[in-house]
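Okay, structure first, notes after.
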Amino acid sequence: MSVSLDGYVADSDDFLGGEDGQRLHAWADVRSETVAAFQDEWKAAGALVAGRRTAELMDHWGGDHGGVPIFVPSHRPPGPAARWGYPLVTYVNDGIESTMAQAKAAAGDRDVQVRGAYTGQRAIEAGVLDEVQIHLVPVLLGRGRRLFDVLTSEAELEIVHVIDTPEATHVRYRVRR
């Protein structure tokens, strides 16, 4: 997740910061070996778990996130496009544990990416998220949606890797159990 220095992943209108709404992802537009490595990693994932809000804001990536299945934890039924038009999108209504289990089974030996602050928080709390990757962007948004706004308990993380670039500091953490 790309996050501002003050902890926000989106402004209050669900834009990604800045006047153009994309400030938090501007680092990914820079041509560099670091960005290319992250893009290769994203493309290598075998499944995606996305919170309903994120999935709907992204129109479920048109039903195709690089050809991998998309799993959305939700207690409400999907809208028409996700229900009938996007065969790679599966709504799971029995919790984050089941959602992650289905995504991991679909991914096989490949990684499962998680998108969305709320969904990431629930996955950490449930003990089904192994790593957190943060792209810390040097901007203070001052408002919006925080990445780790409401956790029900403390979570210990271990720094695995840090890459510092002028556009962002990229930190990978392992979730301690």
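The numbers here are math on the coordinates, done by the rules we state, and not lab data. None of the values given here were measured: they were computed from a predicted structure. A quick note on method: Cβ atoms are made from the backbone with ideal geometry, for glycine too, and the neighbour counts reach across all protein chains shown.
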19 Å cut-off, amide nitrogen to a point 7 angstrom out along residue 75 Cα→Cβ, residues in segment 40-62
50-56
Taking every DSSP beta bridge that has both residues in segment 2-175, what percent is antiparallel when rounded to the nearest 5?
55 percent
Beta carbons within 10 angstrom, averaged per residue: use that to sort the peptides 119-128, 160-169, highest first.
119-128, 160-169
Treating only the Cβ of Lys, Arg, Asp and Glu as charged (+1, +1, -1, -1), what charge dipole size does the chain show about its Cα centre? Round to the nearest 20 debye.
460 debye
Please check: in the Gaussian network model of the chain (C-alpha springs, under 10 Å), which one of 150, 72, 92 has the largest mean-square fluctuation.
150
Between rounded, prolate and oblate, where does segment 122-177 land on the alpha carbon gyration tensor, with a ≥ b ≥ c its root eigenvalues, rounded for a/c under 1.5, else prolate if a/b exceeds b/c?
oblate
Label model pair residue 156, residue 126: point-to-point distance (7 angstrom along the Cα→beta-carbon line) in nm is 2.4 nm
Mean Kyte-Doolittle of at least 0.0 and a Cα length of 20 Å or more along the axis: which whole DSSP H helices of the chain meet both?
none
For the chain, the fraction of alpha-carbon pairs in successive 5 Å shells from zero, as %:
1, 8, 16, 20, 22, 19, 10, 3, 0
Long-range amide H partners of residue 131, meaning residues 5 or more apart or on another chain whose placed amide H is closer than 5 Å, are 175
Between the alpha-carbon centers of segment 23-90 and segment 114-168, tell me the distance in whole angstrom.
17 Å
What ranking, highest mean first, results for peptides 46-59, 24-37, 104-117 when packing means the other Cβ atoms within 10 Å averaged over each residue?
46-59, 104-117, 24-37
Given Cα pairs under 8 Å that are at least 6 residues apart, what percent is the relative contact order of segment 2-175?
28 percent
Farthest toward the dipole's positive end in segment 2-175, which of 141, 169, 50, given Cβ charges of +1 (Lys, Arg) and -1 (Asp, Glu) about the Cα centre?
50
